[in-house]
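In what follows, a structure is listed as structure tokens, so that the remarks can point back to it.
The values are calculated or read from the model by the stated rules, or taken from the named source; none is laboratory data. What you see is a predicted model, and the numbers here were worked out from it, not measured in a lab. Quick reminder, even Gly has a Cβ in these numbers, built from the backbone with ideal geometry, and neighbours come from all protein chains shown. Please note that ligands, DNA and RNA were not included when accessible areas were found on the heavy atoms of the full protein model with its side chains. Shrake-Rupley method; radii C 1.70, N 1.55, O 1.52, S 1.80 Å.
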Amino acid sequence: MYGKRESRHFGFYSGLISVFAVLFVSTSLALAQAGVGKGQVSPQSADTPPKADSPGDKTIQPGIRIQSNLVTAPVTVTNKVTGEFVYDLDMGDFLILDNGRPQQITEFAREPNKVAAVILIQNNEAVEPLLNEIRQLAPMFSQLMLGPKGEAAVITFGTTIHVDQHFSNSEATLDKTLHTITADGTRARLNDALMQAMNLLEHRPRGERRVILVFSSGNDSGSETANSEVVRRATRAQVEIYGLGLSLTKSYLSRDKQPMNAPNTPENASGAMPPTPGVPNTPSSSMGRFGVTVPATGAIKAAVHGIPGTVRKNDVESYARLTGGIFYSQWTSKTLQVHLSEIAADIHSQYVLAYVPDDLSENGFHRLEVRVRKDGVKVRTRQGYFYEGRKR
């Protein structure tokens, strides 16, 4: 009797324990799915989109692209007399005009932003004797232009376009890259190389200064990309283009074996003739003095239609002016090192302003003007940007 009763009690308790075990497992699974308990994810997982009708929910749903119309304008302000940078301005001292309409400045910065720079180097046979000067510049790039946080990529262009180095902050890596550059063909595919540089820059984090520094004789040869597309892309991507001219005359004179006649270019002629008094000796002025007709491409004219005085006969000079950068010709006694230090100083002495245009009813090129409420200063910024309407 006692054995049978014990058996019945044991069966009862075993069944009861089984019921509690099932309930416990079910509850645990439910809690785990709800994200309750140590080490569990929140109820709104990364793979689950938020409810569309949730009030006040500003989470960006996966797959939805948010378009921003924020326009940034790096601005250089210098003293008209001394040429020194002016550093003591506040946001209230600036006025931005977009197609002539005053805008409300929403962001303002005086401290230098992290620089993301693409160093673009022409390496065709015409400039081969000058490449050694560029190979020595890694310390100046790293210490003056990039600083402790900036990064640089390197692209060379001749007959082919080649990404020699992706973005890096290492001076040793940059030095090694520059020392491995060799000559490549007879063309100078400047425009195609600029587009490749902007491909790299457009993947950089928002807020970085996007800069392209071009070492080039100045004009394109053999690209598939039109000048207008370079202007459109650079202004849309908010990239500043700076240029350091490589003198074909200097390259010719540096060769061990010279041909009987120098290349028939305006630049060579300018080396034998004094500049016009009072006119800076730039590629544009020199070409004009010798009566050389270099057609300003219809592409650039279309890109800057309505903006007087922006068309230049040197492609890099044009791009620099339109994007707010500077072009330095190498027809002067100054060296590449001096000009590079001046560019570095310019980049790190700019104010950065930003605004959202109050009227985007007009597609196309928007003229940008920045004024400063201070006497005796000179202001430089990019001349505008392209707005192509909202993408559906």
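What the table shows:
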read-out	value
Alpha-carbon Rg with Dmax, taken over the range 148-228, Å	13.3, 38
For the range 84-215: relative contact order, % (alpha-carbon pairs under 8 angstrom, 6 or more apart)	33 percent
Listed residues 241, 161 arranged by accessible area, highest first, probe 1.4 Å	161, 241
Set of aspartates and glutamates near residue 374 by C-alpha distance (under 17 Å), chain-local residues within fewer than 8 positions excluded	84, 88, 90, 93
Gained length - residue 108 relative to residue 358, 0.36 nm times residue gap less alpha-carbon distance	88.2 nm
Whole-number percent relative contact order across the range 66-156, with pairs defined as alpha carbons under 8 Å at least 6 apart	26 percent
Extended-chain gain in nm, criterion 0.36 nm per residue less alpha-carbon gap, residue 136 and residue 379	84.2 nm
Cβ-derived FRET efficiency at R0 35 Å, residue 341 paired with residue 180, nearest 0.05	0.90
Two-site label geometry, residue 159 and residue 87: point separation in nm, points 7 Å out along Cα→Cβ	5.0 nm
